[in-house]
Amino acid sequence: MRRLLLLLLMLNLSPLWAKCSPGPVSEQRFIEAGGIKQWLTIEGSNCANPVVLYVHGGPGNPLSPYGDALFASWRERYTVVLWDQRGSGMTYGANPPPEASPLTIELLRDDGLAVAQQVAQHLGQRKLILMGSSWGSVLAASMAQAKPELFHAYVGVAQVVDGRENEIDAYAQVLALARKASDAEHTARLEALGTPPWSNPRNFGVMRRAIRKYEALATDAAPKQWWKPGAIYTTPKAQADYEAGEDYSFLQFVGLHGDGMQSKIKLGAAFKLPVYLVQGEQDLLTSAAVTRRYFEQIKAPRKELFLVPRAGHDPNQPLMDAQFKVLEERVRPAL
């Protein structure tokens, strides 16, 4: 038994995850979920505070390396939990999947629910606040619909609604902007792709680069220091694992022939908990128009849509501030 305990400690696991004592919490560790080791960071001034489980986008773009910059101001009022999803970041490094190993929305959803249950038990919380951004909004919304009893509310940021609808809308918008700007380079590249759906996995990347260009013209840039990873994420192995996970997860998302997870995204609109959507007005990848159509269909005990000026798809200060405001003015008063 003693040898087993020593082995578990070396792997940064424990046979029993002890309940957090009141006071500050700062943990970076693996837990067992979905049959594999999955990486979590848990940071806050008091583990008795409400807990935010923030589900990252990408897929394959964990926020754990950047948590100190992005969420430092949140941690006085909330315990912030960041999770590297299966196939991403530190979780990828601990469990490198075979190239042919598929990711599915259902598999990742069930991983997330297992993580949520363990986090709630560890922090002595009856429920968590669930947030998700971009791809993470698909996963988090699916979690909220599957097990609403685990969560106080769902906050979706840059909400993905329907893989095909969002992609077609994004393509039409960015092509129109390129043509209006007489941008011959991007117009030619986009016209060469044709209207989605696509069978070439590279096409999404071509469109995404054009989107970033035009969003940057109409939004506030995020501070560069946000994207400097924390010390434990700067080792050669951690950086290699991040990049490999990003490549693996992105290919799983778009698929070799346009048949990846993206093609299967079509969110239901029925929720049994409050739903708050935070949307950048300049978001071209998941546009306000598509989000609003989805919002109008949502049936939930309470719902609100917040449009954020000078914000696009990716995090910037206005978008982060809007999310915190929703937590403070909508979610927390109802706890």
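All of the numbers you see were taken from the coordinates with simple rules; none came from a lab. What you are looking at is a predicted structure, and each value in this text was computed from that prediction instead of being measured. In this analysis, Cβ positions are derived from the backbone assuming ideal geometry, glycine residues included, and neighbour counts consider all displayed protein chains.
Of all the Cα-Cα pairs you can form in the stretch 239-318, what percent are over 20 Å apart? For the stretch 239-318, the fraction of Cα-Cα distances above 20 Å is 53 percent.
Rounded to the nearest 20 debye, the dipole magnitude of the stretch 240-292 is 540 debye, with +1 charges on Lys and Arg beta carbons, -1 on Asp and Glu beta carbons, and the Cα centre as origin.
Mind listing which trypsin sites (Lys or Arg not before Pro) in the stretch 247-335 are in a DSSP loop and have 16 or fewer other Cβ atoms within 10 Å?
Passing sites in the stretch 247-335 are K272, R302, R310.
Every Cα-Cα pair of the stretch 38-145 was included, and the share exceeding 23 Å stands at 23 percent. Could you compute the longest span of the chain free of GluC sites (Glu not before Pro) located in DSSP loops and having at most 14 other Cβ atoms within 10 Å, not counting the site residues? My reading of the result: 100-335 is the longest stretch. Its Kirkwood hydrodynamic radius, worked out from the mean inverse distance over all distinct Cα pairs, puts the stretch 169-261 at 15.4 Å.
Between the stretch 248-298 and the stretch 164-206, how far is it from one alpha carbon centroid to the other, in angstrom? Going from one Cα centre to the other spans 18 Å. Note on the stretch 115-246: Kirkwood hydrodynamic radius from all Cα pairs is 18.1 Å, rounded to one decimal. With Cα atoms defining each centre, the stretch 208-228 and the stretch 17-91 are spaced 25 Å apart in the structure. Each principal axis of the Cα cloud of the stretch 190-335 was taken in turn, and the coordinate range along them, longest first, works out to 43, 40, 31 Å. Anything over 29 Å Cα to Cα? Flag those among K147/K264; K19/K264; K19/K303, in the order listed. K19/K264; K19/K303, as the Cα separations exceed 29 Å there. The magnitude of the dipole of the chain, with charges of +1 and -1 set on the Cβ of Lys/Arg and Asp/Glu and taken from the Cα centre, is near 640 debye.
Beta bridges per DSSP, both residues in the chain: antiparallel share near 40 percent. Shown in residue order for the stretch 171-183 are the 3J(HN,Hα) couplings computed by the Karplus curve 6.51 cos²θ - 1.76 cosθ + 1.60 at θ = phi - 60°: 4, 5, 5, 6, 5, 4, 5, 5, 5, 4, 7, 6, 8 Hz (x for Gly and Pro). In loop segments of the stretch 65-163 as defined by DSSP, the trypsin sites (Lys or Arg not before Pro) with at most 11 further C-beta atoms inside 10 Å of their C-beta are R126.
Projecting the Cα atoms of T104, I168, S137 onto the charge dipole of the stretch 93-172 (Cβ charges, centred on the Cα centre) puts S137 farthest toward the positive pole. Straight-distance candidates among the lysines for linking to K224, with alpha-carbon spacing under 21 Å and chain neighbours fewer than 8 residues away dropped: K213. The chymotrypsin sites (Phe, Trp or Tyr not before Pro) of the stretch 249-303 include none that meets both criteria, a DSSP state outside H, G, I, E and B (loop) and at most 12 other C-beta atoms within 10 angstrom of the site's C-beta.
Dipole of the chain (Lys/Arg Cβ +1, Asp/Glu Cβ -1, origin at the Cα centre): which of S64, P196, A146 lies farthest to the positive side? Highest projection toward the positive end goes to A146. Mean projection of the Cα convex hull over all viewing directions, computed for the chain: 16.9 nm².
Specify whether the C-alpha gyration tensor of the stretch 113-171 places it in the rounded, prolate or oblate class, a ≥ b ≥ c being the square roots of the eigenvalues: rounded for a/c under 1.5, otherwise prolate if a/b is larger than b/c and oblate if not.
Prolate, since a/c reaches 1.5 and a/b exceeds b/c.
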